[in-house]
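Contents: one structure, followed by commentary.
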Amino acid sequence: MKIIDARVVVSSPGRNYVTLVIETEDGVVGVGDATLNGRELAVASYLRDHVCPLLVGRDARRIEDTWQYLYKGAYWRRGPVTMTAIAAVDIALWDIKGKLAGLPVYELLGGAARDGVMVYCHASGSTLDELSADFQRHLDLGYLAIRAQAAIPGLEKTYGIAPTDGTIYEPASGNAPQEDIWESGYYLDFAPQMMARLRSEFGYEVHLLHDAHHRLTPIEAARLGASLEPYRMFWIEDPTPAEDQSAFRLIRQHTTTPIAVGEVFNSIWDCQQLITERLIDYIRTAVSHAGGITHLRRIFALADLYGVRSGSHGAGDLSPISLAAALHVDLSIPNFGVQEYMGHRDPVGNVFDVGYTFRDGYMHPGDQPGLGVTFDEKAAARYPYDPKYLPVNRRRDGSVHDW
Ligand code: GCO
Ligand code: MG
């Protein structure tokens, strides 16, 4: 089953997506997501210039061998660009394998270990009243788990707050990133007030999540965790930058609030210490940024040994192909925790036709052979690449801050 073509399509149906299309000699087509938000063309080039030529002529059925060949064989290992490129190939090959077998990918991964995949959505507001209205709206839609973010009084702009006009919350800035001002003090005072309000209004049954976006020092993160303990969080996410994995020991010494980390990780080595020392509760690696289905399963298997559960990244900058791939993995692993689901706004639906469904707080990848996502290349061509950057954070004194 030889691969005869591998091509990269960069399109922007509302936001930028990089899609890898692999075709076999029998006419079976597999698709993979190679999107790295704000660095899209680097992955497109890595694939086009260095990987696609190596794929042509290879046996599409040999997923593990291809993974090892691209990872070990390149000499230069890891990193978000490399691992996103490998992920795209891997996801496309699993799609092909499912189509060849006539089975949805989750069946190839051992079959369904649960009936549905609990997802969490995003509720936000520029005031607490707006946040609570948005929270109620998502409860009415059936969500059982909700991430809550609100604009922080004292700061001009807060990342993660969706504008009310339905656009995405990352600013549209083509030539250079927008720069926001951040001061942790305002945030640390405000976060407990926000959660107190939500718990007093909506009770304790709904799972409550919150993203700190790597902005705190370890001792500040410890303070945040401790101050949120009365509100029984499902998790706080990315409390401090995780390059320094041992920093989480300090956070753990001070709080029982569960911690989720890992959306910017790209390999098992990035999370090894966090998992094996039980410094986190949920590992958030994304299928498209951490080496695809093959590598994600390896990370989750390691996590399972240490009682750490999955909580895969699922923001809108990951294409519907990634979301589908994540859902197949989520459905099949023993230590699933929760799946992020931000959803995709049209015109994304004109380019990606999806088989996954949402009902009563749970998603299911569907039972079509492969991943269950059809990518329309002709439609994609109608939405040319539109360069955009994530914003940058500075403190009031002008120094660049983590985020
Ligand atoms: C999340 C994330 C996203 C990221 C985005 C970056 O938890 O959903 O933090 O909002 O910022 O995916 O590309
Ligand atoms: Mg996050």
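The values are calculated or read from the model by the stated rules, or taken from the named source; none is laboratory data. The structure displayed is predicted, hence computed values, not measured ones. Methodologically, a virtual Cβ is constructed for each residue, glycine included, from the backbone with ideal geometry; neighbour enumeration extends over all protein chains shown. Keep in mind that these areas ignore ligands, DNA and RNA; they rest on the heavy atoms of the full protein, side chains included. Shrake-Rupley method; radii C 1.70, N 1.55, O 1.52, S 1.80 Å.
Residue-by-condition table, conditions (1) over 20 Å from Ile96 (Cβ atoms); (2) of a type in the set (Val, Ile, Thr); (3) open to solvent by 10 Å² or more (accessible area, probe 1.4 Å):
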| position | (1), (2), (3) |
| --- | --- |
| Ala34 | no, no, no |
| Leu41 | yes, no, yes |
| Leu55 | no, no, no |
| Arg62 | no, no, yes |
| Leu70 | no, no, yes |
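In the range 276-288, is there at least one residue being touching a strand residue (DSSP E or B) at 6+ places or on another chain (Cβ under 8 Å), within 30 Å of Ile333 (Cβ to Cβ), among the polar types (S, T, N, Q) and within 16 Å of ligand 1 (Cβ to nearest atom)?
Yes, the range 276-288 contains at least one residue that is touching a strand residue (DSSP E or B) at 6+ places or on another chain (Cβ under 8 Å), within 30 Å of Ile333 (Cβ to Cβ), among the polar types (S, T, N, Q) and within 16 Å of ligand 1 (Cβ to nearest atom).
Restricting attention to the range 152-159, does a residue exist that is in a strand (DSSP E or B), in contact (Cβ under 8 Å) with a residue 24 or more places away in the chain, within 16 Å of ligand 2 (Cβ to nearest atom) and within 19 Å of Trp235 (Cα to Cα)? Before you say what the answer is, go through the steps one by one.
Quick first cut of the range 152-159, residues in a strand (DSSP E or B) only: none.
No, the range 152-159 contains no residue that is in a strand (DSSP E or B), in contact (Cβ under 8 Å) with a residue 24 or more places away in the chain, within 16 Å of ligand 2 (Cβ to nearest atom) and within 19 Å of Trp235 (Cα to Cα).
Hey, can you tell me all the residues within the range 110-141 that are under 22 Å from His295 (Cα atoms) and surrounded by 20 or more Cβ atoms within 10 Å (Cβ to Cβ)?
Within the range 110-141, Val117, Val119 qualify.
Being of a type in the set (Val, Ile, Thr), within 16 Å of ligand 2 (Cβ to nearest atom), within 26 Å of Tyr341 (Cα to Cα) and open to solvent by less than 30 Å² (accessible area, probe 1.4 Å): is that true of Ile259 here? Outline the logic, then answer.
On the way: of a type in the set (Val, Ile, Thr): yes; within 16 Å of ligand 2 (Cβ to nearest atom): yes; within 26 Å of Tyr341 (Cα to Cα): yes; open to solvent by less than 30 Å² (accessible area, probe 1.4 Å): yes.
So Ile259 fits the description; yes.
Which of the residues spanning the range 350-403 are within 19 Å of the chain's Cα centre (by Cα) and without any contact (Cβ under 8 Å) to a residue 12 or more places away in the chain?
Thr357
May I ask you to say which residue of Tyr389, Tyr356, Tyr385, Tyr362 is under 23 Å from Gly30 (Cα atoms), aromatic (Phe, Trp, Tyr) and open to solvent by 60 Å² or more (accessible area, probe 1.4 Å)? Walk me through it before giving the result.
Working: Tyr389 fails: under 23 Å from Gly30 (Cα atoms); Tyr356 fails: open to solvent by 60 Å² or more (accessible area, probe 1.4 Å); Tyr362 fails: under 23 Å from Gly30 (Cα atoms).
On inspection, the qualifying residue turns out to be Tyr385.
Quick check: anything in the range 61-68 without any contact (Cβ under 8 Å) to a residue 60 or more places away in the chain and more than 25 Å from the chain's Cα centre (by Cα)? Explain how you work it out, then say what you get.
First, pick out the residues of the range 61-68 that are without any contact (Cβ under 8 Å) to a residue 60 or more places away in the chain: 62, 65-66, 68.
Keeping just the survivors that are more than 25 Å from the chain's Cα centre (by Cα) gives 62, 65.
Within the range 61-68 (the criterion being without any contact (Cβ under 8 Å) to a residue 60 or more places away in the chain and more than 25 Å from the chain's Cα centre (by Cα)), the answer is yes, since at least one residue qualifies.
How about the range 209-235: which of its residues are within 17 Å of the chain's Cα centre (by Cα) and within 15 Å of Ala196 (Cβ to Cβ)? Step through it out loud before you land on a result.
Initial filter on the range 209-235 (within 17 Å of the chain's Cα centre (by Cα)): 209-214, 235.
His210, the sole residue that qualifies.
Out of all the residues in the range 292-328, which are touching a residue at least 40 places away in the same chain (Cβ under 8 Å), surrounded by 21 or more Cβ atoms within 10 Å (Cβ to Cβ) and away from ligand 2 (no atom under 16 Å from the Cβ)?
Gly292, Ile293, Thr294, His295, Ser319, Pro320, Ile321, Ala324, Ala325, Leu327, His328
Mind checking which residues of the range 18-28 are open to solvent by less than 30 Å² (accessible area, probe 1.4 Å) and either within 13 Å of Ile91 (Cβ to Cβ) or not in a strand (DSSP E or B) (or both)? Quick ask: steps written out before the conclusion?
We begin by selecting, within the range 18-28, every residue open to solvent by less than 30 Å² (accessible area, probe 1.4 Å); these are 18-22, 24, 28.
Within the range 18-28, Val18, Thr19, Leu20, Val21, Ile22, Val28 qualify.
Going residue by residue through the range 168-176, is there one that turns out to be within 16 Å of ligand 1 (Cβ to nearest atom), farther than 30 Å from Pro347 by Cβ and either among the polar types (S, T, N, Q) or in a loop (DSSP other than H, G, I, E, B) (or both)?
no
Yes/no per residue for (1) closer than 22 Å to Val354 by Cβ; (2) among the hydroxyl-bearing types (Ser, Thr, Tyr):
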residue: Lys2; (1), (2): no, no
residue: Asp5; (1), (2): no, no
residue: Ser11; (1), (2): yes, yes
residue: Asn16; (1), (2): yes, no
residue: Asp26; (1), (2): no, no
residue: Asp49; (1), (2): no, no
residue: Gly57; (1), (2): no, no
residue: Arg62; (1), (2): no, no
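Among the strands (runs of 3 or more DSSP E) confined wholly to the range 182-262, which include 2 or more residues that are away from ligand 1 (no atom under 16 Å from the Cβ)? Before you say what the answer is, go through the steps one by one.
Working: elements: 207-211, 235-237, 259-261.
Because the criterion is at least 2 residues that are away from ligand 1 (no atom under 16 Å from the Cβ), no strands (runs of 3 or more DSSP E) in the range 182-262 meet it.
Would you check if there is a residue in the range 237-245 being within 16 Å of ligand 2 (Cβ to nearest atom), among the polar types (S, T, N, Q) and farther than 14 Å from Pro192 by Cα?
yes
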